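Student: Here it is, the structure in full.
The values are calculated or read from the model by the stated rules, or taken from the named source; none is laboratory data. Only a predicted model underlies this, so the values are computations on that prediction, with no experimental measurement involved. All Cβ positions, glycine included, derive from the backbone under ideal geometry; neighbour counts span all protein chains shown. Note: accessible area is taken over every heavy atom of the protein model, side chains too, but ligands, DNA and RNA are not part of it. Shrake-Rupley method; radii C 1.70, N 1.55, O 1.52, S 1.80 Å.
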Amino acid sequence: MTIQAINPATDELIQSYDSMMVDEVNGIIEKANEAFLKWRRTSFKERGVLMKNAGRILTENKEKYARLMAMEMGKPIKEGRAEVTKCAGVCDYYANNAEFLIKPEHVMTEASKSYVAFQPIGLILAVMPWNFPFWQVFRFAAPALMAGNTGILKHASNVPGCALAIENVFIEAGFPEDTFRTLMIGSGMVEGVIENKLVKGVTLTGSTLAGKSVAKKAGELLKKSVLELGGSDAYIVLEDADLEEAVNICVFSRLINSGQSCIAAKRFIVVENVLSEFTELFVKKMKEAKMGDPLLEETGVGPQARRDLRDDLHRQVKESIEKGAKCLLGGYIPEGKGAFYPPTVLADVKKGMRAYDEELFGPVGAIIGVKNEEEAIKVANDTVFGLGGAIFTKDVNRGERLAAEEIESGSCFVNTFVRSDPRLPFGGIKESGYGRELSHYGIKEFLNIKTVYVK
Ligand code: NAP
């Protein structure tokens, strides 16, 4: 079997890679486990120096990696640079803070000494998606390696060049051999890797379907898993919102990464007395986005990452229109090469339409009108997903109350867009997955929380 990188802007084959055979994969797992046995005994200081090197290498090669992402999955070059900067940031964050974040917690008991210690559990498998091909991997790898675990990466099959480039960052940074390895395999081989006794946990970022399959295997073998899955984030626009600002943020969040972000704004839930004004401004702003070659500076929306994904998205749009949604912008497959899909706006979106019930993983905004705040909350929570969400209102106390108490999601932002930050936990509820990445919650996911009791 081969793994192929195809440029989604031109449909050209960039490079083919032979998929690894089972024996080769098992050999890498054995070596990565041996690496763990030594790595776990290294000091935070030693690890931190290497992790900072990784951050420096990322920064020094920002342009190269941004181009690689643009070529393999169509990310606009400006966004690629920002992604690399963010990766360097997460390396620095965990290099500086890991020791503090997982320092032993002393607890007063009848013992002379009792405390909670956090210990690495071993080799962790990361199954990662193509949409943020560097960030998703580094937000796993930086805490995992700083905590003393080792990692193997099964990256999405359309970004093999990114997978190898990331492996090389760790090699160049001076990490001991086999501390972090890339497996060049398709998804059919993931179960076998989870079954390997030396693999102690698995984290998957991707679709809910893939998450369920990995969780089932990990559960059967009682291995720890973390799942970061899909989302259909609701952006609620209340009658007292600063409409212009809300629209700017909504459009920005809908179009980031050409619409292919788990935490992109996907459903715009707007109360009726500002609905027509919001819709008009939203369409106007979506129209301004420039679609084109991801390597050009002025491009705001690149191609979708693969033609099949673009075609799936178009089917969701078409079937929603057939059920009564109004297409106010876009909604067609452009002629010519590449997996392009234009910024699209669907209005009058209702329950029972795919645009309401499913995740739209592309530059398609679904506008849902509601009577009032109460209905807005009901609609926002009327989804199988629970990743992020946002609320727009000039009354920040009202926004905060709704965000903290009413919205069913792993995060909820007020008057701004949902984003990840190494200092804050990131993850979802419901079918958006379980477990957390980033912050002290993330680094502890693959650690043994051990009670030590000395009489
Ligand atoms: P995907 O098709 O699920 O692929 C993700 C990864 O899982 C790839 O490495 C893929 O390998 C692998 N995979 C697919 N099916 C599998 C299976 N049955 N068993 C084991 N591994 C399997 O997802 P995607 O299309 O790349 O990414 C889009 C989805 O990811 C969206 O739903 C998005 O919301 C979600 N996402 C979530 C987050 C988050 O943090 N919550 C972040 C980013 C993306 P192959 O490429 O070889 O198939």
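Student: Out of all the residues in segment 404-422, which are farther than 17 Å from Val247 by Cα and over 21 Å from the mean Cα position of the chain (by Cα)?
Tutor: Of everything in segment 404-422, those that are farther than 17 Å from Val247 by Cα and over 21 Å from the mean Cα position of the chain (by Cα) turn out to be Ala404, Glu405, Glu406.
Student: Taking segment 128-149 only, how many residues are farther than 21 Å from Glu34 by Cα and either modelled with pLDDT under 95 or among the hydrophobic types (A, V, I, L, M, F, W, C) (or both)?
Tutor: Filtering segment 128-149 down to residues farther than 21 Å from Glu34 by Cα leaves 128-139.
Now restrict to residues that are either modelled with pLDDT under 95 or among the hydrophobic types (A, V, I, L, M, F, W, C) (or both): 128, 130, 132, 134-135, 137-138.
Counting residues in segment 128-149 that are farther than 21 Å from Glu34 by Cα and either modelled with pLDDT under 95 or among the hydrophobic types (A, V, I, L, M, F, W, C) (or both) gives 7.
Student: Pick from segment 213-230 the residues that are within 14 Å of the ligand (Cβ to nearest atom) and in contact (Cβ under 8 Å) with a residue 40 or more places away in the chain: which of them is surrounded by the most Cβ atoms within 10 Å (Cβ to Cβ)?
Tutor: Filtering segment 213-230 for residues that are within 14 Å of the ligand (Cβ to nearest atom) and in contact (Cβ under 8 Å) with a residue 40 or more places away in the chain, the one surrounded by the most Cβ atoms within 10 Å (Cβ to Cβ) comes out as Glu228.
Student: Within segment 163-181, which residues are closer than 14 Å to Gly148 by Cα and either β-branched (Val, Ile, Thr) or not assigned by TED's automatic domain parsing to the domain that holds Gly122 (or both)?
Tutor: Thr179
Student: Got a sec? Which of Thr279, Thr299 is of a type in the set (Ser, Thr, Tyr), open to solvent by 10 Å² or more (accessible area, probe 1.4 Å) and touching a residue at least 60 places away in the same chain (Cβ under 8 Å)?
Tutor: Thr279
Student: Where in segment 102-205 are there helices (runs of 4 or more DSSP H), lying fully within it, with 3 or more residues that are buried (at least 23 other Cβ atoms within 10 Å of the Cβ)?
Tutor: Numbers: elements: 135-146, 160-172, 190-195.
Once the helices (runs of 4 or more DSSP H) in segment 102-205 are filtered for at least 3 residues that are buried (at least 23 other Cβ atoms within 10 Å of the Cβ), what remains is 135-146, 160-172.
Student: Next question, about the same structure. If we scan segment 80-92, do we find a residue that is within 13 Å of the ligand (Cβ to nearest atom) and either among the aromatic types (Phe, Trp, Tyr) or out of contact with any Gly (no Cβ under 6 Å at 6 or more places or on another chain) (or both)? I'd like the intermediate steps shown before the answer.
Tutor: Filtering segment 80-92 down to residues within 13 Å of the ligand (Cβ to nearest atom) leaves 83.
With either among the aromatic types (Phe, Trp, Tyr) or out of contact with any Gly (no Cβ under 6 Å at 6 or more places or on another chain) (or both) added as a condition, the list becomes 83.
Yes; the residues of segment 80-92 include at least one that is within 13 Å of the ligand (Cβ to nearest atom) and either among the aromatic types (Phe, Trp, Tyr) or out of contact with any Gly (no Cβ under 6 Å at 6 or more places or on another chain) (or both).
Student: Let me ask you something else. Considering only residues that are within 24 Å of the chain's Cα centre (by Cα) and not in a loop (DSSP other than H, G, I, E, B), look in segment 282-296 and name the one that is surrounded by the fewest Cβ atoms within 10 Å (Cβ to Cβ).
Tutor: Met291
Student: So for segment 248-261 (the condition being more than 21 Å from the chain's Cα centre (by Cα) and touching a residue at least 12 places away in the same chain (Cβ under 8 Å)), does at least one residue qualify?
Tutor: Looking through segment 248-261, at least one residue is more than 21 Å from the chain's Cα centre (by Cα) and touching a residue at least 12 places away in the same chain (Cβ under 8 Å).
Student: Hey, among Ala264, Ala210, which residue is within 11 Å of the ligand (Cβ to nearest atom) and open to solvent by 10 Å² or more (accessible area, probe 1.4 Å)? Talk me through it step by step, then tell me what you get.
Tutor: Working: Ala264 fails: open to solvent by 10 Å² or more (accessible area, probe 1.4 Å).
After ruling out the rest, the residue left standing is Ala210.
Student: Could I ask something else about it? Would you mind finding the one in Val370, Val384, Val349 that is surrounded by fewer than 21 Cβ atoms within 10 Å (Cβ to Cβ) and over 24 Å from the mean Cα position of the chain (by Cα)?
Tutor: Details: Val384 fails: over 24 Å from the mean Cα position of the chain (by Cα); Val349 fails: surrounded by fewer than 21 Cβ atoms within 10 Å (Cβ to Cβ).
After applying the criteria, what remains is Val370.
Student: Let me ask another. Any residue at all in segment 36-46 that is open to solvent by less than 40 Å² (accessible area, probe 1.4 Å), assigned to a loop (DSSP other than H, G, I, E, B) and modelled with pLDDT of 95 or more? Even if it seems obvious, please write down each step before you answer.
Tutor: Step one: list which residues in segment 36-46 are open to solvent by less than 40 Å² (accessible area, probe 1.4 Å), which gives 36, 39, 42.
If we keep only those that are assigned to a loop (DSSP other than H, G, I, E, B) as well, we get 42.
Now restrict to residues that are modelled with pLDDT of 95 or more: 42.
Scanning segment 36-46 turns up at least one residue that is open to solvent by less than 40 Å² (accessible area, probe 1.4 Å), assigned to a loop (DSSP other than H, G, I, E, B) and modelled with pLDDT of 95 or more.
Student: Based on what the data block shows, is Gly74 touching a helix residue (DSSP H, G or I) at 6+ places or on another chain (Cβ under 9 Å), at positive phi and crowded, with 16+ Cβ neighbours inside 10 Å? It would help to see each step written out before you state the result.
Tutor: Values: touching a helix residue (DSSP H, G or I) at 6+ places or on another chain (Cβ under 9 Å): yes; at positive phi: yes; crowded, with 16+ Cβ neighbours inside 10 Å: yes.
Judged against the criteria, Gly74 is a match.
Student: Going residue by residue through segment 110-118, is there one that turns out to be within 18 Å of the chain's Cα centre (by Cα), of a type outside the set (Gly, Ala, Ser) and assigned by TED's automatic domain parsing to the domain that holds Gly206?
Tutor: To start, the set of residues in segment 110-118 that are within 18 Å of the chain's Cα centre (by Cα) comprises none.
No; the residues of segment 110-118 include none that is within 18 Å of the chain's Cα centre (by Cα), of a type outside the set (Gly, Ala, Ser) and assigned by TED's automatic domain parsing to the domain that holds Gly206.
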